[in-house]
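One structure is given here, and the rest of the page talks about it.
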Amino acid sequence: MLFIAKDNPTIAGSFGYKLISKVDSLAQFPQVGRIVPEKNDETVREIIFRPYRIIYKVLSEKQIVGIARIWHGARGT
């Protein structure tokens, strides 16, 4: 987002709010993402938001969703 902010701070701010909103929705729907293929663990899931991959872990017994990593798809894994 810092790259976007250099050219257009308004768009960067808007994108940031949308990204946070997407992550916040996991509290209501933690199973919405697919299981991360390289982990093959039901508790480790991912959602895609534009070019970003958001990896998170679902701890159902504690009712917790923890964000493990967010990165741009062009950066690889």
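Values as computed for the structure displayed
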item	result
Estimated [θ] at 222 nm from DSSP helical runs (n ≥ 4, -39500 (n - 2.57)) normalised by residues in the chain, nearest 500	-8500 deg cm²/dmol
Aspartates and glutamates with Cα under 16 Å of Lys62, excluding same-chain neighbours fewer than 8 positions away	Glu42
Cα-based helix-to-principal-axis angle, 9-24 vs the chain, degrees rounded to 10	10
Residues whose placed amide H lies under 5 Å from that of Ala68, excluding near-sequence neighbours	Ile55, Tyr56, Lys57
Potential lengthening between Ser14 and Glu42 on full extension [0.36 nm per residue; Cα-Cα distance subtracted]	6.9 nm
For segment 50-66, 3J(HN,Hα) per residue [Karplus equation, 6.51 cos²θ - 1.76 cosθ + 1.60, θ = phi - 60°, Hz, x = Gly/Pro]	6, x, 9, 10, 10, 9, 9, 10, 9, 10, 4, 4, 9, 6, 10, 10, x
Selection of GluC sites (Glu not before Pro), segment 22-61, meeting DSSP coil and at most 12 other Cβ within 10 Å	Glu38, Glu42
Label-point separation in nm, Gln63 to Phe49, each point 7 Å along Cα→Cβ	2.3
Candidate aspartates and glutamates - alpha carbon under 17 Å from Lys22, same-chain residues fewer than 8 apart omitted	Glu46
Global form of the chain, assessed from the alpha-carbon gyration tensor, a/c cut-off 1.5	oblate
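Read-outs throughout are calculated quantities, based only on the coordinates presented, and are distinct from any laboratory measurement. Because the structure is a prediction, the values reported are computed rather than measured. Every residue, glycine as well, gets a Cβ built from its backbone with ideal geometry; the counts of neighbours run over all protein chains shown.
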